[in-house]
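The values are calculated or read from the model by the stated rules, or taken from the named source; none is laboratory data. Small disclaimer: the values here were computed from a predicted structure and weren't measured. Here the Cβ positions follow ideal geometry from the backbone for every residue, glycine too, while neighbour counts run over all protein chains shown. Each accessible area value is taken on the protein alone, full model and side chains, heavy atoms only, with ligands, DNA and RNA left out. Shrake-Rupley method; radii C 1.70, N 1.55, O 1.52, S 1.80 Å.
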Amino acid sequence: MADFPTSARVVIIGGGAVGASSLYHLAKAGWTDCVLLEKNELTAGSTWHAAGNVPTFSSSWSIMNMQRYSAQLYRGLGEAVDYPMNYHVTGSVRLGHSKERLQEFKRVVGMGRYQGMDLDILSPDEIRSRYPFLETHDLTGALYDPYDGDIDPAQLTQALAKGARQMGARIERFCPATGVRREGDEWVVETPKGEIRCEIVVNAAGYYAREVAKMFGRDLPMMVMSHQYLLFDTIPELESWSKGVGHKLPLLRDVDSSYYLRQEKYGFNLGPYENPCRAHWATPDDPMPEDFSFQLFPDDLERLEWHINDAMARVPLLGQANLTKVINGPIPYTPDGNPLIGPMPGVPNAFDACVFTFGICQAGGAGKVLAEWVTEGATEWDMWSCDPRRFTGFEDPEYCVAKGMEVYGHEYAIHFPHHVWPVGRGKKLSAVHDRTAALAAQFGPYNGWERALWYARPGDDVSEAAQRTWEREGPWFGAVREECLAVRDACGILDLPGFSRFRVSGAGTVAGLSAQITGRVPGVGRLGLAYFADGKGRIVTEMSVARIAEEEVLLITAATAQLHDKEWLLSTLPAGLTLVDETEAWSTQILTGPKAREVLVAAGCEADLAKGWLTFQTARIAGAEVALFRVSFAGELGWEIHSRVGDTARVWDAVMAAGAPLGLRPFGMFALNSLRVEKGYRAWKGDLSTDYTVLQGGLERFVDWAKPDFRGKAALEAEKQRGVTKRFVTLVVEAGECDPPYMSTLWHEGRVVGETTSGYYGHRVGKVVALGMLRADLAVPGTEVEVEIFGERCRAVVCEDAPLWDAKNERLRA
Ligand SMILES: Cc1cc2nc3c(=O)[nH]c(=O)nc-3n(C[C@H](O)[C@H](O)[C@H](O)COP(=O)(O)OP(=O)(O)OC[C@H]3O[C@@H](n4cnc5c(N)ncnc54)[C@H](O)[C@@H]3O)c2cc1C
């Protein structure tokens, strides 16, 4: 073992497509002192048997970014590293069976164009010109993706490995990582061939990632599915057609029937995502083997029968072919189907790049993202959709299996804005869940916490089927309107379990926090909004800050941000401060509307309710101590009522009883969304993300330039000097039946000039409101632009730089 590396900057565990791409991108970034450990031969996990489809399609902006990057990289990779590869860019045709599917396609076409890709919509007649062997009578149209294709996954991995080696990185095959330990600031990775000391470790162990994570004392939210594709032999008619036209058929995806069909030489490859489906290694009688390298599961054709028949009806040519081979392999899933790429929660200098369900088409982009995390501590694109910190620990194995099966069984399903997936529910319940449920709350999970989305009235359709629409006026619309108007005219109450809250205290708290936020830490007894920027001035997160005492603050943030924000605080605040996560101990209601004060008085609350906006105090309701925060995300007079969970039910009952004669009404998250867009209030990871700087986000009033320093200050000062290129705006949109979804493009004089980040109907103003980013020179009140909503350009007008509702915040301060 004379030349076995005993030290390295980074050790990557796992040599599939993703591990190899991570190594390649680290080396490309100049980090060549990196070692990849593979316990068998490269590709031994899921990679060797993958079908190798390389789509760019995604309805997620960030995943599309990754896949687009991959496809671009793969085009030039063979030549760049001198490793010939079978990469066929055949284009693809994605069939639509419904109006809603076509709308999804049109949205993706808009996003794709914004990313520089020329995706297109085909009419049923046009589909046959691309794919002559197809039955089209029941189709509404198709999406054509000219960049789609297929690659040999083993060759891809070898090419990335070769490229990485050429730059000086090392690969140790047949060398499993058997353990890791921390010594000082270093990791020691143990292998049968020796130990490697390193700064950073990356878990790229594919479906074995959970086993590797255990070495770090973590449990990973993942499970493993069995996934199959079927290979059919040569079809003479296809062979002569293909030879005649000189190319292959485009890849066909019949997404409403849940399969893909690809020309493989002169035959076909059929890959269904079936439902019911099969999980593996999830029960004691089906344990995960210690080593499954280059192995497959036994064929299981029975459960694919429906799809085989459906594909034969769609492409009758398939009926002429003989099935020659079945590939049934393991494929890992997280509970939401996206991979884990980014910092390992709670573990220093360690990263995840694992649990990829589409790891061939994503490997290129994933390697880039991983390398940025490692070398720069941040990524070019906001990658929250893949961030390991989006899972916070409640995802037990049963949950992971159930969610993984749900995602797999609906792999191609449309994700509608008001739809809630039914599996894995009820993981965390509010202290008043039984009460809100009795009021017909329709729930949706936020970091596992069930929150009311809306309250159904007698006769409202609460079926899951009714949620499957892009249209604004689903069955919730009337109820949400009543909820919003109750907040406007009387008072509403929103139960908000799971608000993340961190109490930070100790000498140096205020100075430490001040160095991390762009603005000022509020005075004792006061509240403020704090923005955390990264070194580039981009928006990392937003928290409410309550200054409890001279050197004690309470930081409150989104439920889903619990782990992300906690890690950010722990890694950036000075050592020596105490941070206590009080998320589970407290619960919150928003009580808001012009009669909120009267409701509190009627509930016997003896607080000083004249205290102004952005103050807080402790008081008692029904004998329980509560903290009253004078803020309202709904933009009316109001308070957040924070109570210990043991007291919450009592407090709720007292407020509800006192409020009933005053018109108090419970409201849900849909209403809150409507109310907050009218105020121009931003939501985290939609309007507020690392895709935008604090200045682009229109948050300069939260920047204290006079402070000697804060994270991101230099970058923001430089940006201000250069001139901010795009700016946050509120738009009133003349939309049709649908509100603009996230990342709808903004047009001006025939050019794309920005994008929406939120869009919803504002019931108080009676208009469709969009929040978004617009080219700076156009971000002027009164400018007319167009918003592309599902392919249709709708007129929109830029609003004044003030809330649409209650522009002077008089109602808020009442
Ligand atoms: C039938 C089938 C078809 C598929 N088709 C497609 C497709 O068309 N397009 C697509 O994008 N995706 C497809 N996939 C998914 C794709 O195969 C995976 O997402 C991808 O291969 C994951 O790559 P990876 O590098 O993350 O993991 P893997 O390829 O599983 O690599 C992980 C590696 O880690 C190694 N390892 C594990 N533990 C250790 C340890 N302790 N020490 C050292 N090494 C270790 C393993 O030996 C393995 O080589 C398909 C999957 C299946 C099952």
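Filter the trypsin sites (Lys or Arg not before Pro) in segment 353-425 down to the DSSP loop ones having no more than 16 other Cβ atoms within 10 Å, then list what survives. List each step's numbers first, then the result.
On the way: sites: K368, R389, R390, K403, R425; in loops: R425.
Qualifying residues, ordered by number: R425.
How big is the antiparallel share of DSSP beta bridges in segment 19-170, given as a percent to the nearest 5? Numbers along the way, then the final one.
Numbers: 11 of 12 bridges.
Roughly 90 percent of the DSSP beta bridges within segment 19-170 come out antiparallel.
Using the Kirkwood formula over every pair of different C-alpha atoms, what hydrodynamic radius in Å results for the chain?
Numbers: mean 1/r = 0.0354 Å⁻¹.
It is 28.2 Å.
Taking Lys and Arg as +1 and Asp and Glu as -1, the other residues whose beta-carbon sits under 11 Å from that of V732 total -2. Shown here for segment 134-191: GluC sites (Glu not before Pro) in loop regions (DSSP other than H, G, I, E, B) with at most 16 other Cβ atoms within 10 Å, namely E135.
In order along segment 174-191, the phi-based Karplus estimate (6.51 cos²θ - 1.76 cosθ + 1.60, θ = phi - 60°) of 3J(HN,Hα) comes to 6, 9, x, 7, 10, x, 9, 8, 9, 10, x, 8, 10, 9, 10, 9, 9, 9 Hz; Gly and Pro are listed as x.
The angle between the Cα long axis of helix 99-114 and the main principal axis of the chain comes to about 90°, on a 0 to 90 degree scale.
What do you get for Rg/Rh of segment 543-689 when both radii come from the Cα atoms and Rh is the Kirkwood radius?
Numbers: Rg = 16.1 Å, Rh = 16.6 Å.
Ratio of gyration radius to Kirkwood radius: 0.97.
When only alpha carbons are used to place a centre, segment 541-564 and segment 239-307 end up 47 Å from one another.
Give the relative contact order (percent, whole number) for the chain; include only Cα pairs under 8 Å separated by 6+ residues.
Values: 1891 pairs, mean separation 92.3, N = 814.
Relative contact order, the chain: 11 percent.
May I ask for the angle, rounded to the nearest 10°, between helix 562-572 and the longest principal axis of the chain, with both axes built from Cα atoms and the value confined to 0 to 90°? Its long axis makes an angle of about 90 degrees. Each Lys and Arg contributes +1 and each Asp and Glu -1, all at the Cβ; summed about the Cα centre of segment 162-225, the dipole is approximately 300 debye. Solvent exposure of segment 397-530, expressed per residue, is 36 Å² of accessible area, with all protein chains present and a 1.4 angstrom probe. Of the peptides 138-147, 241-250, the order by per-residue mean of other Cβ atoms within 10 Å, starting with the highest, comes out as 138-147, 241-250.
Calculated accessible area for segment 661-814 comes out at 40 Å² per residue, all protein chains present (probe 1.4 Å; ligands, DNA, RNA ignored). Per atom type, the chain shows carbon and sulfur on 50% of its accessible surface, probed at 1.4 Å. Evaluating 6.51 cos²θ - 1.76 cosθ + 1.60 at θ = phi - 60° for every residue in segment 469-479, the Karplus couplings come out as 8, 8, 6, 5, 8, x, x, 7, 4, x, 5 Hz, glycine and proline recorded as x. Peptide packing: for 278-285, 763-770, 585-592, the average count of neighbouring Cβ atoms within 10 Å per residue gives the ranking 585-592, 763-770, 278-285, highest mean first.
Restricting to Cα pairs below 8 Å that are 6+ residues apart, what does the relative contact order work out to for segment 451-493? Please round to a whole percent.
Values: 20 pairs, mean separation 15.9, N = 43.
Here the relative contact order equals 37 percent.
In this label model, A814 and N309 are separated by 6.3 nm, measuring between points 7 Å along each Cα→Cβ vector. Close amide H contacts of T191 (hydrogens built in the peptide plane, cut-off under 5 Å, sequence separation of 5 or more or a different chain): T178, I196.
Taking the DSSP beta bridges in segment 342-477 as the whole, what percent of them are antiparallel, to the nearest 5? Write down the numbers at each step before the final one.
Values: 8 of 9 bridges.
Close to 90 percent.
Need one number: % antiparallel among DSSP beta bridges in the chain, to the nearest 5. Walk me through the numbers on the way to the answer.
Values: 131 of 155 bridges.
Of all bridge pairs located within the chain, approximately 85 percent are antiparallel.
List the trypsin sites (Lys or Arg not before Pro) within segment 514-590 that DSSP assigns to loop and that have no more than 14 neighbouring Cβ atoms inside 10 Å. Those that pass, being in a loop and sparsely packed, number zero. Would any residue of segment 323-345 have its amide N under 16 Å from a label point 7 Å out along Cα→Cβ of A378? List them or say none. Only 343 fall inside the zone, counting backbone N under 16 Å.
Distance from the C-alpha centroid of segment 367-437 to that of segment 662-740: 24 Å, rounded to the whole angstrom.
Computed from backbone phi, the HN-Hα couplings of segment 408-422 come to 4, x, 10, 3, 9, 5, 7, 9, 7, x, 10, 8, 10, 5, x Hz, rounded to whole numbers (Karplus: 6.51 cos²θ - 1.76 cosθ + 1.60, θ = phi - 60°; Gly and Pro given as x). Note on segment 179-195 and segment 130-166: Cα centroid distance 40 Å, given to the nearest whole angstrom. Where does the charge balance sit around I556 when Lys and Arg score +1, Asp and Glu -1, over other residues with C-beta under 11 Å from its C-beta? Around I556, the surrounding residues sum to -2.
Ranked highest first by the average count of other Cβ atoms within 10 Å around their residues, in what order do 745-756, 294-305 fall?
For the peptides 745-756, 294-305, the packing ranking is 745-756, 294-305.
What you get for the chain, charging only the Cβ of Lys and Arg (+1) and of Asp and Glu (-1), is a dipole of about 1760 debye around the Cα centre. Give, as ranges by residue number, the residues of segment 486-502 whose backbone N falls under 20 Å from the point 7 Å along Cα→Cβ of R644. Counting backbone N atoms under 20 Å from the label point, the list is 496-502.
By how many degrees, between 0 and 90 and to the nearest 10, does the Cα long axis of helix 17-28 differ from the longest principal axis of the chain? Helix 17-28 sits at roughly 80 degrees to that axis. Other residues within the sphere of radius under 13 Å centred on the Cβ of V651, judged by their own Cβ, net out at -1 (K and R +1, D and E -1). Averaged over its residues, segment 110-159 has an accessible area of 39 Å² per residue, based on protein heavy atoms and a 1.4 Å probe.
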